[in-house]
Each structure stands twice: as C-alpha cells, then as structure tokens.
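Below is one structure, written out as structure tokens; the observations come after it.
Please treat every number below as a calculation from the coordinates, not as lab data. Just so we're clear, the structure is a prediction, and the values are computed from it rather than from any experiment. As a convention, Cβ positions derive from the backbone with ideal geometry for all residues, glycine included, and neighbour counts pool all protein chains shown.
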Amino acid sequence: MPRNKISDIVEGRILQLLRWGYSQSLIVNILKLDGIHVSQPTVSNVKQKIGRQRNSESKIKIFRKKPSQTPSIIKKVIEKIDVKEPPTQRAIAKDLHISQSTVSNIIKNSGFTLRKKQKVQKLTSSNVMKRGQRSFKLYRRLARGRYKNFITTDETWFYLDETSGRRKVCYIKKTDPDYDRMIIQQNTSRPKGFMVWGGVSSQGKTTLRFVTPGTKVNSNYYINNVLKPFLTKDVPRLFRKGKKLKWIFHQDSAPSHTAKETIKFLEQNKIHYITPQEWMPASPDAAPMDYSIWGHLKQQLNKTRIDSIEELKKKILYEWRKMSQTYIDKVLASWPRRVLKIYQARGSHIEHRL
C-alpha cells in the first residue's frame, strides 16, 4: 500500500530544518508546535531522497554553516586583542577568515572596549613618591574655589612637522582594566620649532611671549623677557588693585623656573607662588596649561594647513585671542579634582583614569 504523500510546503520545511542541522526528532517536535504532524520515518525519508515523488536514489547533502563565533575563534580573537599593541579588527578578521563584524561582536561580548591611548610624562619612582606626598597639600590650596586666585603659566613648543607613533588605541576589559596599556610614555625632547610662554586665570589670559629660536631659556632670560613684563603688564590687567582677590603664581619645575636667581627675584617682588618644594615633579597632568590649554590651541591649529613659521605664529595669536573665558573656567575648575586624583593614585599616572 503506498504511503501518504506530504505536501510540498511540509517537505520544504523539513528540508530547511535539516539544512540548519536539527535532528530528526527535534524537527518532528518543531513542526508539531506549528500544527504540522509528521512522523520521524517521514523526516528520514525526506532526508534520504529528493524530489516531489521522493523517487531519487541520491541522498540529500546537508551543508551546515560553520558557526563563526566558536569557542576556538573567540579565544583566538581575545588572544590577539589582549595585548599592549593590538592589530586592527580588519587584520584580525583577515587572519582568522571571519568577518570584521564578527570580530567586533566577539570583542564587545567578551567585555572589552576600545580606548584611545593617552600620552603621559615618564615617571621615575622618585617622581611617583613626591607626587603622592605633595598632591594633597596642593589640593587643599586649590579646593573650594581657591584655584580662582591662581595665574597658571607654562611654556610649550609649536612646530610644523607632524609626528607618527605607535597605535593610539588599545582594548581593555571593563571589569578588570589593564590601565598600563592605555598610556604612551614620552620624553621631554621636542621637535624643531619655537617656544611660546603663556598663562591663564579666572580673570583672563596673559599675553603670549615667543622665544626666539636658538635662544637658551636660562634664569636670566626668563626673568627679563618673561617675568618682568608679566608682572608689569599682565598682572595689573588681570588682578586690579580694587579687587580683593590675592593672586598666586604657578609655574612648573623647569630649570629656569627653579633656579636660585628666579626664586630670589620672586621673593624680592613679594610674589605669592607655589615653591619648587610644593610643586609635584613631572606633573603636566596637574598643570592646566599642559593638560588642556596648549592641547586645545594645537588642535585648533591642526584644522588648517600652515606652511611657514611666520604663518604659524600669526595663527597661534589668532587662536589665543579667540579662546573663550568660559572654556578656560572649565579647565581651571577641573584642576583641584585632578590633583586629588593623583593623591588617590598614590602619585601614579591619572590621565587614562579620568
């Protein structure tokens, strides 16, 4: 007696489920949930023969797509990204013969996140110790809005040539981040260009002062070409005598700043300042000009092409004048918090933790 035939639709459903790799018993249960009642031998017959009448002798070839996110693939992707210098997602995908979206999904599902590396000052063990010891006292001098009494100053280099370094991104685990891979230590050497001195306060900006290329900035040059015009022109304009604010001078530990002649000059002029013994060494992450102001200025400069030193100088002056006091106030307001972070990190790097 001939068997009852099944419809083409039912046969198609069975073929589809077979291709997806489902077992015969599971297919029977799946179809049953849809109101389709077939026996396991019927499913077996469809598997063995092809065609509407199922009279072909050739067996169905079941092609199961190899899952891309197998434990082995996931492990290989994590091994490639869980390093200090990871390759690109495109390179990983090409090497493992999977799609870039698969790589991205594995990274996300494994608890990693893409973060840009931060350039930080190289710290010695002595630097770390002094930063940890001095940070809390400095924080107390800045906290509760007292940072508004400071004029913070610094020098920096501006140059035309662009520099290229290592990869600026890395992967870290959200639950157990390896912060050390998020930093790029850099030396204090600077490329060819010219140096500029400047400062900011809650009352406004100082005048920028350009150092002639090739000039050695020693204490004598610093006193006569920076500090004297700063005290006679900038300070009276920013902190007028009628105001109650008693201003405090901040500078870093550059040799010309800590020289005996410079300290003597500040003492003779009765300038309230953060002494070299109070300031934390190798701490651009706690100096507003370093951690934000100069970077913002250079970012603006990089938006246009500059072909000469003179053109660069004009553009710097233009962007300096354009910098808003609102932005400066935000930068200064973050100063106490940064110093407190250094104390909490026991003197270690903080830029990548902010």
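A few points about this structure:
- Under the simplified labelling scheme, the residue 269-residue 296 pair shows an inter-label distance of 2.6 nm, with each label point 7 Å from Cα along Cα→Cβ.
- Volume in Å³ per residue [convex hull over Cα atoms, computed for the chain]: 224 Å³
- Extreme residue, positive dipole direction of the chain, given options 35, 344, 200 (C-beta unit charges): 35
- Dividing the summed helix terms, -39500 (n - 2.57) for each DSSP H run of n ≥ 4, by the number of residues in the chain produces a 222 nm estimate of -11500 deg cm²/dmol to the nearest 500.
- Annotation for the stretch 9-36 versus the stretch 248-281: alpha-carbon center distance of 82 Å.
- Modelled spin labels at residue 254 and residue 337, positioned 7 Å past Cα toward Cβ, are 2.8 nm from each other.
- Spatially proximal aspartates and glutamates relative to residue 322 (Cα-Cα < 20 Å; intrachain offsets below 8 disregarded): 154, 155, 234, 290, 310, 311
- Build a GNM of the chain with springs between Cα atoms under 10 Å apart, and of 202, 283, 324 the one that fluctuates most is 324.
- Virtual paramagnetic centre 7 Å along Cα→Cβ of residue 119, amide N under 16 Å, in the stretch 298-331: 298-303
- Pairs from 174/341; 76/173; 119/216 whose Cα-Cα separation, in the structure shown, is over 18 Å: 174/341; 119/216
- Net charge of Cβ neighbours under 10 Å - reference residue 200; Lys, Arg +1; Asp, Glu -1: -1
- Sites count as exposed loop sites when they are GluC sites (Glu not before Pro), lie in a DSSP loop, and have at most 14 other Cβ atoms within 10 angstrom; the longest stretch of the chain without one is 163-277.
- Length-normalised contact order of the chain in % [C-alpha pairs under 8 Å, at least 6 apart]: 20 percent
- Computed about the Cα centre, the dipole magnitude for the chain is approximately 720 debye when only Lys and Arg (+1) and Asp and Glu (-1) carry charge, each at its Cβ.
- Summing charges over all other residues whose Cβ lies under 11 Å from the Cβ of residue 154, with Lys and Arg as +1 and Asp and Glu as -1, gives -3.
- Karplus (6.51, -1.76, 1.60) ³J(HN,Hα), θ = phi - 60°, over the stretch 220-228, in Hz, Gly and Pro reported as x: 5, 5, 4, 5, 7, 9, 10, 5, 4
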